[in-house]
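To start, the structure itself, in structure tokens.
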Amino acid sequence: MSSMCGIIGVKGKSNSSQLVLKGLKRMEYRGYDSWGIAMANRKLKVVKEVGKISDVAIRPFIIDGSQLAIGHTRWATHGLVTKENAHPHLSCNGEVAIVHNGIIENYQELKKELIEKGHKFRSATDSETIAHLIEENLNKGFPEAVRLAFSRLQGRNAMCAISTSSHELVGARNGSPLIVGLNDTDAFIASDIPAFLENTRNIAYLDDLEMAVFDKSVKFFDVMTGKPVQKKIEHISWNIEQAKKGDYPHYMIKEILEQTQSIERAAKQDKRQLLGIAKEIRKAKGSFLVACGTSGYAAMEAQYFFSGIAGKHLNSVVGSEFSSFRHFLTPKSLIIAISQSGETADTLEAVDVARKMKSRVISIVNVMGSSLARQSDHFFLTNAGPEICVCSTKAFTSQLSVLLLLAYASAGKLSEGISLLQDTADQVKLMLNDGFLAKLRKLSASLAQKDDIYVIGRGLNYPIALEAALKIKEVSYIHAEGFAAGELKHGVIALVEKGTPCIAFVSNDEHRQATLSGAIEMKSRGGFIIGISPEQDEAFDAWIPVPDAGNAQPLVNVIPAQLLAYYLAVARHLDPDKPRNLAKSVTVK
Ligand code: M6R
């Protein structure tokens, strides 16, 4: 019924619907089940379809000439993917259209109340409730009606609404992102900056329970009190070229290859800040690393970094499980939350839990101005640039870079960490040559019809084994599992049959022999061993040579796994940028 999506509103000189359509195309990574646009002239015109917005031609929209439009690209969480459930949704009188991102937790109660008042619902979504709630108070003026409606919603939500009678656009947020963009002719409001980056880099971030009203100019208000709020207009450094695919066939390969630059950028952190946070980590009574998915594996990797480099124990917990450990939190605890988007609901909920216990929150985020960055006592930007592919690649190695620096800073060896990362960035540049890519492409072609792939690693390579398996699952839909190499003999090895591909991360570290033993055990059961290692070994049926990077080995090792996943998807004729059932920012619980 509800959705986790991309929303946009434009009030412009003309052709707002065209700008909305372009914006939706740029936000398609947030959802691609269905899409819809409402344009307001004297009457509302609504277009909605099931399917991908990328397949829609802009041309028919150009002639519309509307000054006011909103749009939505949907990733359904509970309800069916149908035209009726696609946004925008309208009020009964057809005067108001809304688009929504989030889940209205109290929608059943609101819907019942509205039905009793005579409202007719046309969809099975929670979102439609907003249009009818606004309609209830239209006599108080459109912005006020939106404010009253939004203040009644429970849960993490963001919305945009337009009205044909007042000719205004209103956006409001509480827990889901909304950013305002302004240029001389057009005003935008959207879930993410790339939606309007082509038109402006002057932006204002809405905070929770704030709304923006676009009339002749833009004004900001507090949702609960209705009082005006002053907002700073900021200039952002991202440019549209970074958010475009360029000559690459997919964002995924573009972003994997950008790691030749992004690791270096992530390493350029303010030394004073790194040392300050390292001091806090040393002093804290209990430090937790919190994140989800790929960022969750970065958090897990950081445990190994801190243990091995700084002799410090940090606990990594996935965002959705964090509340179970709240009893250990005090004002002296420190939480390091990691997120590419800075909008992942499970991570934000974990931060809420920590805040309630008055613990300090530090975050590592890629998206400037994101909710997580704004809710933290201090944040580090990973500077990976826009990551558009649903599947996270360059953001991961950038997170690892910052975490590695923090571990070195905590050990009092920051300069050593900085030079290690510089060397690693240089090694990655050399590694990503045409021959290396061709080798992985060829290997993937030979694995493309397999049903299962197993991945093993020990120590620093254990989280990388998990991340490699996640990458393969996400984009190629081949069942892949990552294991701690030592766990094989405790049960997992029962899965290995003749020809089963097994990837082994074998580094020049204390775990080399033990990991090789695991690889040989699998080989003895018929496993086809793919060694990702600085050195060849007779256990390997295929060898992917990687540079020896010491403590930065995880950054180097994950890249061939990302490439393997990418080429597997391509060999299976799948679109790696839009994996089924997934969306880039998981802004719902
Ligand atoms: O934006 P975040 O880093 O908080 O996102 C966390 C996960 O949703 C994300 O890493 C997800 O697992 C990706 N699909 C991984 O490729």
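The values are calculated or read from the model by the stated rules, or taken from the named source; none is laboratory data. Bear in mind the structure is a predicted one, so any value in this text is a computation, not a measurement. So basically every Cβ, Gly included, is an ideal-geometry build from the backbone, and we count neighbours across all protein chains shown. Calculation scope for accessible area: heavy atoms of the full protein, side chains included, ligands and nucleic acids excluded. Shrake-Rupley method; radii C 1.70, N 1.55, O 1.52, S 1.80 Å.
Is the shape of the stretch 198-262 best called rounded, prolate or oblate, per the rule: a/c under 1.5 gives rounded, else a/b larger than b/c gives prolate, else oblate, with a ≥ b ≥ c the square roots of the Cα gyration tensor eigenvalues?
It is prolate, given that a/c is not under 1.5 and a/b is the larger ratio.
If you plug each phi of the stretch 524-532 into the Karplus form 6.51 cos²θ - 1.76 cosθ + 1.60 with θ = phi - 60°, what whole-Hz ³J(HN,Hα) values come out, in order, with x for Gly and Pro?
Once rounded to whole Hz, the list reads 4, 8, x, x, 9, 8, 9, x, 9.
Express as a percent, rounded to the nearest 5, the fraction of DSSP beta bridges in the chain (both residues included) that run antiparallel.
60
So if we plug the beta-carbon distance of A571 and H313 into 1/(1 + (r/R0)^6) with R0 = 41 Å, what FRET efficiency do we get, rounded to 0.05?
After rounding to 0.05, the efficiency reads 0.45.
Could you pull out every residue, at least 5 positions away or on a different chain, whose amide H is within less than 5 Å of the one on I503? Hs are placed 1.01 Å off N in the peptide plane, and Pro or chain starts have none.
Counting only residues 5 or more places away or on other chains, the set is Y454, V455, I456, I530.
Just to check I understand the Karplus step: with θ = phi - 60° and J = 6.51 cos²θ - 1.76 cosθ + 1.60, what whole-Hz values come out for the stretch 89-100, glycine and proline as x?
Ordered by residue, 3J(HN,Hα) equals 10, 10, 6, 4, 7, x, 8, 10, 10, 10, 10, 9 Hz.
Please calculate the 1.4 Å probe accessible area of V317, with all protein chains present, and give it to the nearest 10 Å².
Counting only protein heavy atoms, V317 exposes about 20 Å² to solvent.
For the stretch 245-363, report the accessible area per residue in Å² (1.4 Å probe, heavy atoms, rounded to an integer).
Computed with neighbouring chains in place, this is 43 Å² per residue.
Pairing the Cα long axis of helix 414-431 with the longest principal axis of the chain, what angle in degrees results, from 0 to 90 and rounded to the nearest 10?
For helix 414-431, the angle is close to 90 degrees.
Roughly how many debye, to the nearest 20, is the charge dipole of the chain about its Cα centre, given +1 on each Lys and Arg Cβ, -1 on each Asp and Glu Cβ, and no other charges?
1020
Pull up all non-local amide H partners of E210: gap of 5 or more, or a different chain, and H-to-H distance under 5 Å with H placed in the peptide plane.
For E210, whose amide H was placed from the backbone, the distant partners under 5 Å are R173, V223.
Helix-derived [θ] at 222 nm for the chain: sum -39500 (n - 2.57) over DSSP H runs of at least 4, divide by residue count, nearest 500?
Per the formula, -11000 deg cm²/dmol.
What does the charge add up to near V317, with Lys and Arg as +1, Asp and Glu as -1, over the other residues with Cβ less than 11 Å from its Cβ?
The answer is -1.
For the stretch 6-242, what does the accessible surface come to per residue with a 1.4 Å probe? Please give it in Å².
Per-residue value: 39 Å².
If I ignore ligands, DNA and RNA and count only protein heavy atoms, how much of M357 is accessible to a 1.4 Å probe, in Å² to the nearest 10?
70
Rank S370, H119, I253 by how far each Cα sits towards the positive end of the charge dipole of the chain (+1 on Lys, Arg Cβ; -1 on Asp, Glu Cβ) and give me just the farthest.
Checked the options; the winner is H119.
Using the Cα gyration tensor of the stretch 6-242, with a ≥ b ≥ c the square roots of its eigenvalues, what is the shape: rounded (a/c below 1.5), prolate (a/b larger than b/c) or oblate (neither)?
rounded
What does the charge dipole of the stretch 245-432 about its Cα centre add up to, to the nearest 20 debye, if the Cβ of each Lys and Arg holds +1 and the Cβ of each Asp and Glu holds -1?
Computed about the Cα centre, the dipole is about 860 debye.
So what's the Cα pair-distance distribution over the stretch 245-432, bin width 5 Å, in %?
All Cα pairs considered, the percentages come to 1, 9, 18, 22, 21, 15, 8, 4, 2, 0, 0.
Could you go through the stretch 17-24 in sequence order and give the Karplus-derived ³J(HN,Hα) for each residue, using 6.51 cos²θ - 1.76 cosθ + 1.60 with θ = phi - 60°, rounded to whole Hz, and x for Gly and Pro?
5, 5, 5, 5, 4, 4, x, 5
For the chain, what % of the accessible area comes from carbon and sulfur atoms, probe 1.4 Å?
The computed percentage sits at 50.
How far is helix 293-310 tilted off the main Cα axis of the chain, in degrees rounded to 10, range 0 to 90?
Taking Cα atoms only, the helix is inclined about 50 degrees.
Any idea what angle helix 142-151 forms with the longest principal axis of the chain, computed on alpha-carbon atoms, 0 to 90 degrees, nearest 10?
50
What is the dipole size for the stretch 277-323, taken about its Cα centre, with +1 at each Lys and Arg Cβ and -1 at each Asp and Glu Cβ, in debye to the nearest 20?
For this selection, approximately 320 debye.
Just the projected area, averaged over all directions, of the convex hull on the alpha carbon atoms of the chain: how many nm²?
26.1
When a/c reaches 1.5 or more, the comparison of a/b and b/c decides; with that in mind, is the stretch 433-589 rounded, prolate or oblate per its Cα gyration tensor?
rounded
Near the amide H of V229, under 5 Å away, which other amide H atoms are found, from residues 5 or more places off or on another chain, if H is placed in the peptide plane?
It is F220, F221, D222, by chain and number.
Students often get this wrong, so check it: of K43/K232; K43/K140; K83/K450; K22/K120; K120/K589, which have C-alpha atoms separated by over 26 Å?
As for pairs spanning more than 26 Å Cα to Cα, those are K43/K232; K83/K450; K22/K120; K120/K589.
Accessible surface of Y477 in the full protein assembly, 1.4 angstrom probe, to the nearest 10 Å²?
For Y477, the solvent-accessible surface is approximately 60 Å².
If you count only protein heavy atoms with a 1.4 Å probe, what accessible area per residue comes out for the stretch 446-555, rounded to a whole Å²?
38
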